[in-house]
1. Mind jotting down a quarter of the surface of the convex hull over the alpha carbons of the stretch A:272-441, in square nanometres, one decimal?
2. Which lysines does B:K291 reach when only Cα atoms under 26 Å apart count, and residues fewer than 8 places away in its own chain are ignored?
3. May I ask for the angle, rounded to the nearest 10°, between helix B:63-92 and the longest principal axis of chain B, with both axes built from Cα atoms and the value confined to 0 to 90°?
4. Residues of A:454-464, mean number of Cβ from any other protein chain within 10 Å of their own Cβ, rounded to a whole number?
5. What is the calculated FRET efficiency for B:A83 to A:R258, with r their C-beta to C-beta distance and R₀ = 56 Å, to the nearest 0.05?
6. Modelled label-to-label distance, B:R111 and A:R98, 7 Å Cα→beta-carbon offset: nm?
7. Taking the Cα centre of chain A as the origin and placing charges on Cβ (Lys, Arg +1; Asp, Glu -1), which of A:I79, A:G306, A:G333 is farthest toward the positive end of the dipole?
8. Could you tell me how many degrees, from 0 to 90 and to the nearest 10, lie between the Cα long axis of helix A:243-254 and the main elongation axis, the longest principal axis, of the Cα atoms of chain A?
There are 2 protein chains.
Amino acid sequence: MSLSGLHRIAGQARAAAATRFHGIDAATQTPLEPAYPEATSEEIHSALCEAADAFEVLAATDGQARTTLLEAIAREIEILGDALLARAHAETGLPLARLTGERGRTCAQLRLFAQVAREGSWVDARIDPALPQRQPLPRPDLRRMLQPIGPVVVFGASNFPLAFSVAGGDTASALATGNPVVVKAHPAHPGTSELVADAVDRAVAACGLPAGTFSLLHGREPRTGLALVRHPETCAVGFTGSHAAGRALFDAAATRPRPIPVFAEMSSLNPVFVLDGALTSRGPAIAEGLKQSFTLGVGQFCTKPGIVVGVASPAWDAFAARLGELARAVPAGVMLHAGIARAFAEATADLRDVEWLSQGPAAAARVTAARFLEDAALQREIFGPFTLLVTVPNAAGLTSFARALDGQLTATVHGDPDDLRTPTTSDLLRLLGQRAGRIVLNGFPTGVEVSPAMQHGGPYPSTTDTRFTSVGTAALARFVRPVCFQDFPDSLRPPALQDANPLGLLRLVNGAPTRAAVGDN
Amino acid sequence: MSLSGLHRIAGQARAAAATRFHGIDAATQTPLEPAYPEATSEEIHSALCEAADAFEVLAATDGQARTTLLEAIAREIEILGDALLARAHAETGLPLARLTGERGRTCAQLRLFAQVAREGSWVDARIDPALPQRQPLPRPDLRRMLQPIGPVVVFGASNFPLAFSVAGGDTASALATGNPVVVKAHPAHPGTSELVADAVDRAVAACGLPAGTFSLLHGREPRTGLALVRHPETCAVGFTGSHAAGRALFDAAATRPRPIPVFAEMSSLNPVFVLDGALTSRGPAIAEGLKQSFTLGVGQFCTKPGIVVGVASPAWDAFAARLGELARAVPAGVMLHAGIARAFAEATADLRDVEWLSQGPAAAARVTAARFLEDAALQREIFGPFTLLVTVPNAAGLTSFARALDGQLTATVHGDPDDLRTPTTSDLLRLLGQRAGRIVLNGFPTGVEVSPAMQHGGPYPSTTDTRFTSVGTAALARFVRPVCFQDFPDSLRPPALQDANPLGLLRLVNGAPTRAAVGDN
């Protein structure tokens, strides 16, 4: 499978750039061919204008057309076969088994979103039929549904080169709802990105959709990403990455003449609270699960448990010792790219006044809650295989610590039945519900299910928009907006809003959910 | 009914201000007693800290408690009786009949939202039961629902002193979903605001809820509004008013260390397109309807039709002449306050190179589309009884004009059956669907129904967040966020997510809507 080292702009392989960069073999740190170009302003403009033109066609497609596209993309990705996995393995250092699983997840996600597009009820159709006899004024006929918004810019994430990248959840969400997509490839896996972009292009062409439905641009300069966000045709942004980058994109979007939404999933400590009963009855098992969770994927998950909170006690000391022992036995892993490896080394080296439990490739340390709360360096997410135990003096300290926490993607509590019955735990769970998007009981936060009930997104700074999720079928809600049609004749209404309910949707008629047709009125 | 001229901070009548201002009788332009204080930083801080404390209690209330509160507020407002209407009439100049209707709408809205809170399905409960046998990995039990977010700051609007003010749609939306509210009273109707705040306080007390559930602060300085938006405890903002003020609040929210959502409904031209067939068959009737719509409430509605677009023809000339004739016969009305009256006079006086159709109290003019598109002064919303006819050279000009439009709350098309069958109209409707939140066929945009299918909100600059509505039951979605509970035992789950479905909600179980209980798993 040959790589061109070019952008894909509305189906065309192009590049005008003077500056180029290479993907790097994560294991050997040697450059991989070919070199990839930094997108120019003209190329960004071209991709977004093509996307805007494609939107006129794409917005008018029905659920079946979008389903066909998503399923075709999944098939084309599978057809890429081992070449895709080999390139992704070289560029990211992720093991082939993990990448095989991630490819399965990516294709399953495309097919799940295809099902949701086909079923169609996501449009949230609402119908208030006319009440011509109402006094003092008649009510008009009002029918409301969700519609696509326009070109979506997606930033590929480094840590999921398939599932959160070119044809990942953001792209699938945008296409499922009728929006064209311009992807900014993550510069750490440009070759993987090109292969997947080719697959998407083939699917778009096979479906007879405009080529501008999808473009892929390369670049590693912050200005390239900012220019994509600032382009007048850009209508929304999906991003997964660091807080600094996410906030910069958010700020750029908010200061546009016409602000646009940015769904940035950024940084999270994913606190784990270990209650006394659980500590006593199954401390070693929790330590083992925690070790697996914080070192999974070399600690490069946004849901990695970054802090573990417990009450000072001999059992807590034993837990810390056991975790340190387990961590010291973890072998070194290959990190995604040199930038992450360097940032990890620097951040762990910067920690002051901590009790080190393991300083091996997988690192763990312990501090008091008081120390934690006074030192900003301890409160930062450290991306990689590190976790920090935080000791609170007593059970009340658990809730006061929870109260001091910033917004989180997840929060976890380990507790035995007796632990869970106490008012303190009930307070703790309530507080965590205000600070996190997902609360895990007696489990670990890594492993994010792609399903209707998943919530992957929490209060700032874990994301820029806590009202939405970037994983699961509810992720579709990010790239749509409601439109109400007043007094339209049935022939001019979108099918989702027609009297006969030709799509068989679940609709809200006079405020009550039903799949029934609307009677003449 | 005596007025104190004080803030209401968590049930306490207080004011420390050195600076005070008066409400002004809109008809006579004389000051009304008492004077009202400009909120100090300490008062703002106090109201928001009380709100944050109240949130801990309020978030835990069930739907019935919120229903009871909203219904009590409606009752207390009704008990205020004619004194409320008299004060609102004095402060706003709005006729008593209109205010009586608006009070009815306000109370009906509170009761409708109370019903939605009681029914409870707005929490969008989603349940993916555990799949312990799934390969390669078991699926955990995932249950997701919407929860309140925290203190909401609501800015009262001048043009609906009841329905979009202290106990209007924003406050009702926030309370229905369990969020405390801090209202910044509109300085043009401080007395009306105080009366309604007293009613809300009585309802809060009668329901045994914390006094911090609701506060009312006065002020007319921009810095007061900005300080409310910037306060760390503020979690969201609802606003209806000018573009300049709305954008300033949006910018303040976006540049906070922790950005928060701002739902600002700002400015809209609400274009009306009159197609040839309709012009010929019922031009005079459309002119009459248009005159009523653009002069309703002295033109002070956010859905006032500000531009009317037609194709050059003798029928269009006759329509313009007829509209001018009707407009010239409209008597002068009392505007809401001197600021609006002055801005209206200045904006209409500033218009250059227009053909005046009426320069009476109700003003109408005509320009070509080319002239309109080159002059920013013509493209601005002019709040008050003014509308601008825009002539396009031919049918294709209708769509190219629509394409050039900014985001709008509404767009309207008048067309006879033959008009509506043409490809041009179909293009026009499609384009308007991309530019407006509500598309009206053969009607007028004023008159915004409070119902499940209403969409009051369109692309920027008509609002800052086109994904939401500020009118109708969907308005509740603004002040909530999803939280997912993983592997919780039934006893610790919120009732909405418990197996037995004790609240009888419509829930998504494994992606399919049902009111059935979830079987043991």
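Values in this text are rule-based calculations from the coordinates and carry no lab data. Remember, predicted model here, so these are calculated numbers, not experimental data. As a convention, Cβ positions derive from the backbone with ideal geometry for all residues, glycine included, and neighbour counts pool all protein chains shown.
1. Approximately 8.7 nm², given one-decimal rounding.
2. B:K304
3. Helix B:63-92 sits roughly 40 degrees off the main axis of chain B.
4. Per residue, the average neighbour count from other chains is 4.
5. Step by step, r from the Cβ atoms, then E = 0.80.
6. 6.1 nm
7. A:G306
8. 30 degrees
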